[in-house]
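Colleague: I am attaching a structure below and will ask some questions about it afterwards.
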Amino acid sequence: VKKSPHQKPIKTKRQKTLTQMREKEKNPENQLSDEEIISLQEKDFRLLMLKMMQDIGNKLEAKMIQDIKLKQEEMQNTITEIKNSLEAANSRIQEAEERISEKREKRLKTNEESLRELWDNVKHTNIRIIGVPEGEEREKGTENIFQEIIATNFPNMGKEPLTQIQEAQRVPYKINPRRNTLRHILIKLTKIKNKDKILKATREKKQVTYQGTPTRLLADFSAETLQPRREWHDILNVMKGKNLQPRLLYPARLSVRFEGEIKTFTDKQKLREFSNTKPALQQILKELLQAEKKTQNHEKRWVQMQDTGDELAMKRTTT
């Protein structure tokens, strides 16, 4: 029997079922009914089961991957929060340490200043005599040496300073054979006004002598006060030569009269900044400040060389 070219091919029941399964796969929402599943042959049923298991496995895998990504994002966010918290905590700790360090430095500085002022207060009635030959006190006594210096150099001062001596001695008490300099004589008066009167007369006279030998009468200060006062020594001498009437105020402030005004400086940096605005003063101090700057730079280089040498020595020791 010849088939007509216009006649459609007749599909078997199995072919129809396979076609339906493929269409169901394309449209998952249209699942096979129970009757359709029961009507499947064994081979087709197995194919359907394998496909369903594969779909379930793919869905589970996709869900697991999605959950893992969500967990990773949550962990990353948690790690970022912990990192930010640690950075903030470290920043607060550093700020606290800086504040503590600043307070500690301020407290130490305050304690040092208090101790210095206390020690200076103990010494506030003292006068140091520098330049008296060793052994003179054994023959005349330290009090008589002081009285002779006052009577010789300040005959119009009166007898009150001479009768108000509380203590007089050489310092240090023992001679150091390694030092060639003369020991000082320390005079402790009972009234500070007598000390100020003597030191003022000393500044006015400019040169004090003992038996023809140049001698110096100075206020007695603690080492912490004396050191910064000594640093003004060269500048004081230069300014005295230029008639700037320099004076050292307590504890170590420089006072000068410039252009009719009295100026006070707590350190050389303040003096340098002021002199930069005053060409005349800058010219006076130019060479001296430049020399001091060169000395400071030389000391810094020397310290750096020493540090470098120490590092090289440590490296050689470790190797």
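The values are calculated or read from the model by the stated rules, or taken from the named source; none is laboratory data. Small disclaimer: the values here were computed from a predicted structure and weren't measured. Please note: Cβ atoms are built from the backbone with ideal geometry, for glycine as well, and neighbour counts cover all protein chains shown. Only protein heavy atoms, including side chains, enter the accessible area calculation; ligands, DNA and RNA are left aside. Shrake-Rupley method; radii C 1.70, N 1.55, O 1.52, S 1.80 Å.
Colleague: Report, in listed order, any pair from 242/270; 106/174; 206/263; 140/240 with a Cα-Cα distance greater than 28 Å.
Modeller: 106/174; 140/240
Colleague: Once the whole set of protein chains is in place, how much accessible area is left on residue 233, using a 1.4 Å probe, in Å² to the nearest 10?
Modeller: Ignoring ligands and nucleic acids, residue 233 comes out at about 90 Å².
Colleague: If you rank 152, 190 by how much accessible surface each has, with a 1.4 Å probe, what is the order from largest down?
Modeller: Order by accessible area, largest first: 152, 190.
Colleague: Sticking with this one: Would you work out if segment 121-238 is rounded, prolate or oblate? Take a ≥ b ≥ c from the square roots of the eigenvalues of the alpha-carbon gyration tensor; rounded if a/c is under 1.5, else prolate when a/b is larger than b/c, oblate otherwise.
Modeller: Judged from the Cα gyration tensor, segment 121-238 comes out rounded (a/c under 1.5).
Colleague: If you average the sequence gap of Cα pairs under 8 Å that are 6 or more apart and divide by the length of segment 152-262, what percent do you get for the contact order? If you can, show how the numbers build up before the last one.
Modeller: Working: 86 pairs, mean separation 17.0, N = 111.
Reported relative contact order: 15 percent.
Colleague: Take residue 179, project a point 7 Å from its Cα along the Cβ direction, then tell me which residues of segment 126-155 have their backbone nitrogen under 17 Å from it.
Modeller: Inside the label zone: 127-137.
Colleague: Sticking with this one: In terms of the Cα gyration tensor, with a ≥ b ≥ c the square roots of its eigenvalues, is segment 177-245 rounded because a/c is under 1.5, prolate because a/b exceeds b/c, or oblate?
Modeller: Cα axes put segment 177-245 in the rounded bin.
Colleague: Just to confirm a number: summing +1 for Lys and Arg and -1 for Asp and Glu over residues other than residue 273 whose beta-carbon lies under 13 angstrom from that of residue 273, what do you get?
Modeller: Its environment carries a net charge of +4.
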